[in-house]
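K.L.:
Okay, here's the structure, questions in a sec.
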Amino acid sequence: MSKSHFPNIFLDQNKDPIWMIDLDYRLIYANQRYLDIVRNITGKEQQLNETAFIEDFDENYTIKWRQYYRRALHGEAFEIEEHYSLPDTNEIYYGQISFEPLLGDDDKLFAIACQSRDISKIVKHKSEVNQLIDASLDVFCTVNEQGRFVYISGAALDIWGYTPEELLGKPYKDLIMPEDLLETKQKLIYIQEGQTVTAFKNRYIKKNGDIAYNLWSVKWDPASRLFYSTARDGKEIMEQEEKVQQSEQRFKALVQEGSDLIAILDVHGNYKYASPTNSSIVGISQEEFLSKNIIDLIHPGDKEKILTCLKKIKVENKLVLDTFRIQNHKKEWRWIETVFTNMLDNPAVEGIVSNSRDITEEKILIELNQQTSQLGKIGSWEVGFLNDEIYWSEEVHKLHETDPENFTPSVSKAIDFYRQDFKVFVETTIQKCIETGEPFDFEAVILTTTKKELWVRVIGAAEFVDEKCKRIYGSTQNINDKKEAEIRLNSLADNLPGVVFQYLIFPDGSDNFKYINKGSQEVWGFPAEDLIKNSRLIWDGIIAGGEIKKVRKSLALSIKSKSKWTTRFKYIMPNGEVRIHLCNGTPIFLTDGTILFNAVILDVTQETKDEKLLELVTKIARIGSWELDLVNQTGDNMYWSPMLFEILEIEDNYNPTLTGGIEFHIGESRERIKKAIEHLVEDGIEFDEEILLRTAKGHKRWARAIGKCDKVHNKRTRIYGSYQDITERKKSELENKFKANLLSTIGQAAVATNIEGEVTYWNRAAETIYGWKMEEVLGKNIMELTIPDTNAEQATVVMEMLKKGQTWSGEFVVQRKDGSSFPALITNSPTYDENNKLSGMIGISSDITQKVRYEKLLEKHTQELERSNLALKKIAWTQSHVVRAPIARILAVINLLEEQPESFDEISFWLKQLKISTHEMDAIVKKIITETYSLDQE
């Protein structure tokens with residue numbers, strides 16, 4: 001039997017039905033088992049090349065099988081389970097049918113192969129198991145290597161909202177939450193590789209759009225190549241875990257990351273636990289705390305009261321301690337405010353909880369406040385109208401230079417101290433406060449008992465009882481130094497290259513200028529006195545510049561946030577000139593609701609032009625800047641210029657950080673820039689690197705990264721630098737490198753020079769042909785290296801042609817390093833830079849010594865051949881006439897014979913003549929052969 005028949009025998013004797021259909025649903029092959037089953041079911045023979053659909057079956061059967069075949073004809077390989085009743089036994093046959101698309105030599109699908117495996121026993125056993133599985137609240141499922149569901153239990157409807165029929169053959173990734181897909185795939189890979197994965201979690205999108213929380217247990221079966229899996233509804237468990245996690249995070253935020261110092265002590269004061277904030281205050285680690293007693297850290301003067309408190313807390317629930325001092329690692333004493341809580345009976349604690357707060361700064365502030373009152377020369381006063389009492393503090397007496405023992409103050413006496421030009425104002429202001437309760441805050445000049453003028457600031461308020469003023473009280477501050485400084489500042493302001501002014505915004509929305517220096521004439525075009533009378537003049541100039549909304553908005557923002565006022569705007573001078581003004585100011589909120597802005601405006605017209613020019617240059621050069629403050633910030637947030645955003649193709653709302661910026665670097669560039677920044681921060685080593693980036697849109701870009709730093713007291717305070725997009729330059733370099741590599745591989749000498757003829761490139765072939773190494777010739781003149789003295793004049797002419805932009809090509813005698821010369825075929829061309837300016841020349845040359853030798857030999861043979869041809873021509877011309885004589889006679893004899901002569905003697909005569917002519921002709925031919933041979937010998 002031939003081996004070629006084995007496949008057919010195997011298929012025909014196979015117990016599984018096997019058949020094939022073509023693109024038109026015709027049966028093109030069926031083994032014997034398939035034909036027998038069809039015959040048993042229908043009682044008819046199934047014929048090849050006829051429709052694959054069995055006519056006796058109902059329409060639903062045809063529709064269903066047409067869908068199966070159509071899926072396979074679209075290139076999908078899949079399996080289904082089908083069953084039917086055998087008519088002879090009435091048994092149910094369960095088959096697992098596989099559909100496999102078949103491709104021809106041209107990779108085009110031409111047929112489908114189908115095979116049905118008898119799984120009746122498996123199905124019966126599975127039916128019993130499925131009844132148990134379907135009774136489970138968990139989802140039992142089987143997934144193949146392609147990630148498709150092969151089996152699903154009925155619990156899928158309750159947990160995921162899908163029936164098993166809806167999920168069969170469907171990829172599990174269609175259900176999974178996108179953010180859980182990668183981790184799930186990784187878990188399955190681990191399981192398939194034999195690693196132990198006890199359980200894992202993920203989330204499915206239910207049919208109704210809700211989220212299903214799954215707890216998975218999965219096992220891989222190498223034999224069946226299937227994942228056997230169980231999914232449990234883990235919503236309650238996962239929500240409980242999330243609550244625990246949130247609780248832990250709150251605990252961490254309160255205890256570990258809070259500002260309070262949390263500790264647990266035993267009854268003797270030994271530390272059982274100390275939060276990280278203890279370490280930040282005291283300066284020792286959490287582990288070191290566990291080896292210490294609280295008394296070890298207490299100031300000697302406070303130890304006794306702490307020991308007393310430790311005894312009390314044993315029998316009390318909570319105890320507030322008097323403030324005490326502890327010493328940190330810097331030998332500094334810190335003031336601590338503490339509450340003890342007795343939790344000795346709590347099994348989770350079994351100790352005394354110490355909740356403390358560092359109040360050192362508060363203590364310092366209290367002391368500073370007391371010192372400030374003295375240093376600020378502020379005294380308090382009070383006038384009582386119920387018992388006509390008046391009180392001046394010691395500092396108020398000092399201001400007026402009165403003796404507290406001998407001087408009894410009164411309202412009238414107090415008013416008499418004011419300089420004459422202030423008395424009416426002061427008296428009116430105080431009376432208004434008494435009558436209406438309106439507080440006051442004014443500055444005025446008093447004359448002390450020694451007649452010394454002194455500027456004071458007086459603040460007062462009234463207290464009413466039953467709509468009657470009970471008392472007025474307030475403070476008086478010596479501001480003489482401040483006012484003198486203010487006068488000096490005003491003088492200085494008048495000499496500044498800008499406008500220094502005080503701008504008032506009143507509660508009713510009106511405004512005016514309180515003070516303007518002389519710079520207003522040059523910057524705004526108006527004298528200060530005109531602007532104080534009419535602030536509208538300035539606003540008209542800003543309105544004309546078209547940026548009034550911008551200025552109003554910046555003012556409102558400064559007032560709302562109580563922050564610095566900064567803005568830049570266009571201003572139109574009275575003569576129509578456009579100026580750019582930069583304003584910086586600080587709001588002061590007065591007690592009556594008035595807002596005072598102390599501000600300065602500078603004319604930055606020229607600076608703005610320079611900035612725009614810089615911006616244009618930056619845009620053309622594609623240079624972006626960056627900066628990171630190492631002192632005045634937490635975290636690694638940093639500044640990126642707009643051009644850097646453009647280079648990295650990121651949105652304007654992106655928040656740049658150092659770590660985020662490093663992520664844009666790819667390959668070895670990422671590690672290189674990391675090390676460069678580390679050296680810059682730690683050692684102050686500046687860097688200039690060419691690195692490769694991947695932008696937010698996935699584009700690769702080359703950049704030149706520069707990093708520098710500022711240093712104060714040998715400590716880095718700021719790092720900054722720039723990134724320049726050099727992608728086009730790198731492309732050009734790579735292209736030039738490719739061209740150079742290409743030139744280095746060709747067999748011809750490639751030489752490049754600058755415009756002066758100095759060598760800038762010399763490939764390997766040039767080294768071989770001319771004998772010079774590249775390192776020997778770079779920078780030397782090509783004329784001195786390759787041109788013999790005899791050809792120097794001609795070479796100079798060629799160089800002049802190239803300098804004029806002309807190309808030269810031809811044969812030229814050149815010399816090697818050893819002085820020997822040889823003919824070369826040379827093509828020289830001028831080269832140009834990116835500005836299309838002549839920058840040098842490039843020459844391609846090859847040694848044509850052999851070519852010249854062959855040409856000379858060819859010329860010699862050509863001359864000899866011409867000489868031979870000439871001789872042959874002469875012989876042929878001469879002999880042609882000789883040959884023609886016997887031929888003519890032969891032709892004449894033949895003509896006479898044709899005319900049929902009458903006698904035999906006459907015929908004999910002409911035959912004899914014919915023989916003579918033939919011999920003559922033979923002799924002539926021999927002579928030609930002899931002369932030709934002689935010519936060849938020559």
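K.L.:
Could you check, for segment 635-649, whether at least one of its residues is among the β-branched types (Val, Ile, Thr) and exposed (fewer than 13 other Cβ atoms within 10 Å of the Cβ)?
P.N.:
No, the conditions are met nowhere in segment 635-649.
K.L.:
Also: Taking segment 458-483, which residues are open to solvent by 10 Å² or more (accessible area, probe 1.4 Å) and of a type in the set (Gly, Ala, Ser)?
P.N.:
Ala461, Ala462, Gly474, Ser475
K.L.:
Considering segment 25-73 alone, what residues qualify as being part of a loop (DSSP other than H, G, I, E, B), in contact (Cβ under 8 Å) with a residue 24 or more places away in the chain and touching a strand residue (DSSP E or B) at 6+ places or on another chain (Cβ under 8 Å)?
P.N.:
Tyr25, Glu50, Ala52
K.L.:
Have a look at Leu182, Leu167, Leu188 and point out the one that is touching a helix residue (DSSP H, G or I) at 6+ places or on another chain (Cβ under 9 Å), at pLDDT 90 or above and of a type in the set (A, V, I, L, M).
P.N.:
Leu167
K.L.:
Look at segment 24-46 and say how many of its residues are more than 18 Å from Tyr68 (Cα to Cα), modelled with pLDDT of 85 or more, surrounded by fewer than 18 Cβ atoms within 10 Å (Cβ to Cβ) and of a type outside the set (D, E, K, R).
P.N.:
The number of residues fulfilling the criteria is 1.
K.L.:
Report the residue count in segment 773-823 for those that are open to solvent by less than 80 Å² (accessible area, probe 1.4 Å) and not in a helix (DSSP H, G or I).
P.N.:
Counting residues in segment 773-823 that are open to solvent by less than 80 Å² (accessible area, probe 1.4 Å) and not in a helix (DSSP H, G or I) gives 18.
K.L.:
Take Ile706 and tell me if it is assigned to a helix (DSSP H, G or I) and either touching a residue at least 12 places away in the same chain (Cβ under 8 Å) or surrounded by 14 or more Cβ atoms within 10 Å (Cβ to Cβ) (or both).
P.N.:
Spelling it out, it is not the case that Ile706 is assigned to a helix (DSSP H, G or I) and either touching a residue at least 12 places away in the same chain (Cβ under 8 Å) or surrounded by 14 or more Cβ atoms within 10 Å (Cβ to Cβ) (or both).
K.L.:
Quick one: what pairs do we get from segment 245-274, first residue in the same structural domain as Glu287 (by the TED database) and β-branched (Val, Ile, Thr), second modelled with pLDDT under 70 and open to solvent by less than 60 Å² (accessible area, probe 1.4 Å), C-beta under 6 Å, 6+ apart or different chains?
P.N.:
Every condition considered, the pairs that remain are Ile262/Val255.
K.L.:
For segment 660-700, enumerate the residues that are open to solvent by 50 Å² or more (accessible area, probe 1.4 Å) and within 11 Å of the chain's Cα centre (by Cα).
P.N.:
If the condition is that a residue be open to solvent by 50 Å² or more (accessible area, probe 1.4 Å) and within 11 Å of the chain's Cα centre (by Cα), then Glu663, Arg694, Ala696, Lys697, His699, Lys700 are the ones that fit.
K.L.:
Collect the residues in segment 703-721 that are within 30 Å of Ser732 (Cβ to Cβ) and among the aliphatic types (A, V, I, L, M), keeping them in residue-number order.
P.N.:
Within segment 703-721, the first condition is being within 30 Å of Ser732 (Cβ to Cβ), and the residues that meet it are 703-708, 720-721.
Within segment 703-721, Ala703, Ala705, Ile706 qualify.
K.L.:
Looking only at segment 413-457, how many residues end up being touching a His at 6+ places or on another chain (Cβ under 9 Å), within 18 Å of Lys483 (Cβ to Cβ) and either open to solvent by 60 Å² or more (accessible area, probe 1.4 Å) or not in a strand (DSSP E or B) (or both)?
P.N.:
2
K.L.:
Open to solvent by less than 80 Å² (accessible area, probe 1.4 Å) and at pLDDT 85 or above: does that describe Ile80?
P.N.:
Against the criterion (open to solvent by less than 80 Å² (accessible area, probe 1.4 Å) and at pLDDT 85 or above), Ile80 qualifies.
Residue-by-condition table, conditions (1) open to solvent by 30 Å² or more (accessible area, probe 1.4 Å); (2) under 30 Å from Ile430 (Cα atoms); (3) in contact (Cβ under 8 Å) with a residue 12 or more places away in the chain:
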residue	(1), (2), (3)
Ser280	yes, no, no
Asn317	yes, no, yes
Leu321	no, no, yes
Arg325	yes, no, yes
Leu365	yes, no, no
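K.L.:
Is it the case that Phe110 is at pLDDT 90 or above and open to solvent by less than 90 Å² (accessible area, probe 1.4 Å)?
P.N.:
For Phe110, the condition - at pLDDT 90 or above and open to solvent by less than 90 Å² (accessible area, probe 1.4 Å) - is not met.
K.L.:
Out of all the residues in segment 387-403, which are without any contact (Cβ under 8 Å) to a residue 40 or more places away in the chain and open to solvent by less than 20 Å² (accessible area, probe 1.4 Å)?
P.N.:
Ser393, His397
K.L.:
So, one more: Which of the residues belonging to segment 228-241 are touching a Lys or Arg at 6+ places or on another chain (Cβ under 7 Å) and buried (at least 18 other Cβ atoms within 10 Å of the Cβ)?
P.N.:
Residue satisfying the conditions is Gly234 alone.
K.L.:
Within segment 307-366, which strands (runs of 3 or more DSSP E) (wholly inside it) include 2 or more residues that are of a type in the set (S, T, N, Q)?
P.N.:
333-343, 351-358
K.L.:
Say whether the condition of being exposed (fewer than 12 other Cβ atoms within 10 Å of the Cβ) and either more than 52 Å from the chain's Cα centre (by Cα) or free of Cβ contacts under 8 Å to residues at least 24 places away in the same chain (or both) is met by at least one residue in segment 378-386.
P.N.:
Looking for residues that are exposed (fewer than 12 other Cβ atoms within 10 Å of the Cβ) and either more than 52 Å from the chain's Cα centre (by Cα) or free of Cβ contacts under 8 Å to residues at least 24 places away in the same chain (or both), one finds at least one in segment 378-386, hence yes.
K.L.:
Also: Could you list all residues from segment 729-754 that are over 30 Å from Ala621 (Cβ atoms) and either exposed (fewer than 13 other Cβ atoms within 10 Å of the Cβ) or at pLDDT 65 or above (or both)?
P.N.:
Correct list: Leu742, Thr745, Ile746, Gly747, Gln748, Ala749, Ala750, Val751, Thr753.
K.L.:
I'm told Gln131 meets every condition in (1) modelled with pLDDT of 90 or more; (2) in a helix (DSSP H, G or I); (3) open to solvent by 80 Å² or more (accessible area, probe 1.4 Å) except one. Can you identify the failing condition by its number?
P.N.:
With (1) modelled with pLDDT of 90 or more; (2) in a helix (DSSP H, G or I); (3) open to solvent by 80 Å² or more (accessible area, probe 1.4 Å) applied to Gln131, the lone miss is (1).
K.L.:
Among the residues in segment 684-704, are any in contact with an Asp or Glu (Cβ under 6 Å, 6 or more places away or on another chain), modelled with pLDDT of 90 or more and among the polar types (S, T, N, Q)?
P.N.:
Looking through segment 684-704, at least one residue is in contact with an Asp or Glu (Cβ under 6 Å, 6 or more places away or on another chain), modelled with pLDDT of 90 or more and among the polar types (S, T, N, Q).
K.L.:
Determine the pairs where a residue that is under 17 Å from Asn781 (Cα atoms), located within segment 797-816, has a partner that is among the aromatic types (Phe, Trp, Tyr) and assigned to a loop (DSSP other than H, G, I, E, B) with Cβ atoms under 9 Å apart, the partner being 6 or more residues away or on another chain.
P.N.:
Final answer for the pair search is Arg816/Trp772.
The values are calculated or read from the model by the stated rules, or taken from the named source; none is laboratory data. Bear in mind that the values here come from a model prediction, so they are computed numbers and not experimental data. Here the Cβ is made from the backbone with ideal geometry for all residues, glycine too, and neighbour counts use every protein chain on show. Calculation scope for accessible area: heavy atoms of the full protein, side chains included, ligands and nucleic acids excluded. Shrake-Rupley method; radii C 1.70, N 1.55, O 1.52, S 1.80 Å.
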